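Worksheet: the structure to be examined is printed underneath.
The values are calculated or read from the model by the stated rules, or taken from the named source; none is laboratory data. The shown structure was predicted, so the numbers you read here are calculated from the model rather than taken from an experiment. Every residue, glycine among them, receives a Cβ derived from its backbone with ideal geometry; neighbour counts consider all protein chains shown. For accessibility, only protein heavy atoms count, side chains too; no ligands or nucleic acids. Shrake-Rupley method; radii C 1.70, N 1.55, O 1.52, S 1.80 Å.
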Amino acid sequence: MHALQSAPIAIGTAAFLVGVLAVVGAGIGALGSAVVRRLSNPVARYRQLFLGIILPFTLLSYVVFLLLGLGHLIAGGQTGVVGAVVATFAELLAAGTVGLAAYAPTVPGIRSVRDIELSTGRAVVRMGRYVLGITALVTVVVVPLETGLSPPGLLALVTVFAVTVQAVSPWFIPLIRSVDRPDEPTAETLERLKERAGLTVRDVRVFDTEQERTANVTVRGFPGYRRLFLTSTFLDVFDDETATALLAIQAGRQNARVLARVVGGLLVAVVPLFVALADVGPLWPLAGASLGLIVASLWVTRRGVRAADDYAADRVGPDAVADALERYATVHEMEPSRRRLANPFSKSPPLGNRIDRLREQAGE
């Protein structure tokens, strides 16, 4: 990858470039936040802002730093594996810094639309820790690309990386976010709720979200060592019925292998691209085939989400699951969205459609 770069730029120019992109990113974040706050369902729109504008701008910044040789400048011309690691880490971290600059102006807007007491400094520090961890993780997979692997070797590397990330996520997540063990009364309550929900995990960790007020729950890890992550807000704002229903959805996602559908589908979808890189076939038809496989894999994933809802409905009743999803939306100041036709690039049906489907099941 670095073989495609131009000569490394001067350090003063590099610092100026990072600063300029950070200022542009901050402007994008501020402008985007000002627009989003005036839209309907702003909480959902903020997510679209992050994924549709801020993240692509961050990736574009990385490409700029890569092409201009920022990493080689930081590495001081050092070659070999050490030089590649330093150069790649520096370029990714610089891009992450630009992303943080774009994220910071959105925090006041999020604080306003969700009516929470989230300080900008704390939010940026937490996001910075996350960016640092992701930078280190991505560096591990990007550096081997410097060795000039063949397309089959690259595909194997991407596959191993994706599987490894899922395997180590129960231990990696606590490195980039602060977690605690639940106290004994909470652990006993969760054990009872998990049993009722049909959720089997090895242990539980709790995120402190007193300021963010995000009531989320997720399960990570392979069978044999699955860890339940939930937030302190989840424990504070949901009653036992709501918590059980949301845990049952997680159990359903495990049974339907929703995460495996996402990862496996994307790995299958990139195969035509690696075939094109190997000059085995025409680029554009193979790129079209890759896009088609992505759409198909996301359709399969959406069916998995519906299967998870059905599992939860069997455990606690469809009305209870629908009530829990509505309560989840209320806590996060979200308006459950509905669509006549599913978004082909979404991995989950609209929340409002899921709720309506559960209500129909209850009526039947």
Solvent-accessible area per residue for the chain (1.4 angstrom probe, square angstrom): 51
Per-pair calculated FRET efficiency, R0 = 30 Å: residue 203 and residue 132 via Cβ, rounded to 0.05: 0.75
Heavy-atom SASA rank of 40, 61 (probe 1.4 Å, accessible area, largest first): 40, 61
Over its alpha-carbon atoms, the stretch 177-361 yields an Rg and a Dmax in Å of 18.7, 61
Pairwise label distance in nanometres, residue 34 with residue 81, each label 7 Å out on the Cα-Cβ vector: 5.0
Modelled FRET efficiency - R0 35 Å, residue 257 with residue 140, Cβ distances, 0.05 increments: 0.85
The chain - percent of accessible surface contributed by carbon and sulfur, probe 1.4 Å: 63
Compute the Rg to Rh ratio over the chain from the alpha carbon atoms, using the Kirkwood formula for Rh, and round to two decimal places. 0.98
Taking a label point 7 Å from the Cα of residue 120 along the Cα→Cβ vector, which residues of the stretch 22-44 have an amide N closer than 19 Å to it? 22-38
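Taking a quarter of the surface of the convex hull around the Cα atoms of the stretch 212-292, what do you get in nm²? Let's see the in-between values first.
Working: hull surface 32.4 nm².
Average of the hull's projected areas for the stretch 212-292 equals 8.1 nm².
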Where both partners of a DSSP beta bridge lie in the chain, what percent of those bridges are antiparallel, to the nearest 5? 55
Under the Karplus relation 6.51 cos²θ - 1.76 cosθ + 1.60, θ = phi - 60°, what is the ordered set of whole-Hz ³J(HN,Hα) values for the stretch 120-135, x standing for Gly and Pro? 4, x, 5, 5, 5, 4, 5, 5, x, 4, 5, 4, 4, x, 5, 4
Quickly work out the residue 167-to-residue 299 label distance, labels modelled 7 Å from Cα along the C-beta direction, and quote it in nm with one decimal. 3.3
Could you give the nm distance between label points at residue 332 and residue 188, where each point is 7 Å from its Cα heading toward the beta carbon? 3.2
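What order, most packed first, do the peptides 164-175, 222-233 have when packing is the mean number of other Cβ atoms within 10 Å of each residue? Show your work: numbers first, answer last.
Numbers: 164-175: 15.8, 222-233: 17.3.
Packing proxy ranking, top to bottom: 222-233, 164-175.
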